[in-house]
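Asker: Pasting a structure below so you can have a look.
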Amino acid sequence: MKNFKFLSIGIALASVSAAHATSFSNVNIQSPPLSTGATWTSLGNSVSFFLPNAIVGDPVSPLRAGTLNIQYDAHTPGPAVANEVGVNLGAALSGSGTIFFQEQVFELDINGNEVAGGPIGVITHTFNPGGPTTWSGTINFSRSVERLRAKKFFTMSATDTAAFDLASIGIVNQNIQVVPEPATMAAVGLGVAALMRRRKRS
């Protein structure tokens, strides 16, 4: 009986989350020439960015250093809210190549303005020569929100040495974690409780 109750709650909550896919808008990838040819695509609660020219160093780029900026807004219609963002990055490094990554997430009001008080989540990571070239992290929000703005910064450097020096961003994927808002969770709980009472009577 207890297992049935937990299963019912899980199915109900999963149904609420799945029915409310995140919508992405106001995507801005404007850091030429690093952003040249950049595209993006979304599916469900995930968004991916493709950056064919986010490269500095030998011999394909005239730049030795540069910063690529990506920004987007996301809206998860009620009764679901977002409480974290998963980050998946892939880089190519050689010689002196390094990449410093930072992402900040802000809550937006209904008019698309950033809510006062600063970011509700921040994460950073550095790709260093000789280190791993893939990385995953999670930005946990200080509060759950329906609307958010994500701002990403990739600072790339490949100073000239006798070696082959290069830094490039290859993979940028995001997944927004969507959960039922508290009022919905309470309603689901009441519904399951009523179902359990009916099962006991029968």
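Asker: Which one of 171, 120, 139 is under 15 Å from the mean Cα position of the chain (by Cα), of a type in the set (A, V, I, L, M, F, W, C) and at pLDDT below 95? First the steps, then the outcome.
Answerer: Details: 120 fails: at pLDDT below 95; 139 fails: at pLDDT below 95.
Among 171, 120, 139, only 171 is under 15 Å from the mean Cα position of the chain (by Cα), of a type in the set (A, V, I, L, M, F, W, C) and at pLDDT below 95.
Asker: Determine, yes or no, whether residue 98 is touching a strand residue (DSSP E or B) at 6+ places or on another chain (Cβ under 9 Å), at pLDDT 95 or above and under 20 Å from residue 61 (Cα atoms).
Answerer: Yes, satisfied.
Asker: Which ones in the stretch 60-83 are among the charged types (D, E, K, R) and buried (at least 17 other Cβ atoms within 10 Å of the Cβ)? Explain how you work it out, then say what you get.
Answerer: Going through the stretch 60-83, the residues among the charged types (D, E, K, R) turn out to be 64, 73.
Selection gives 73 alone.
The values are calculated or read from the model by the stated rules, or taken from the named source; none is laboratory data. Values in this document were obtained by computation on a predicted structure and should not be read as measured data. Neighbour counts run over all protein chains shown; Cβ positions are idealised from the backbone, glycine included.
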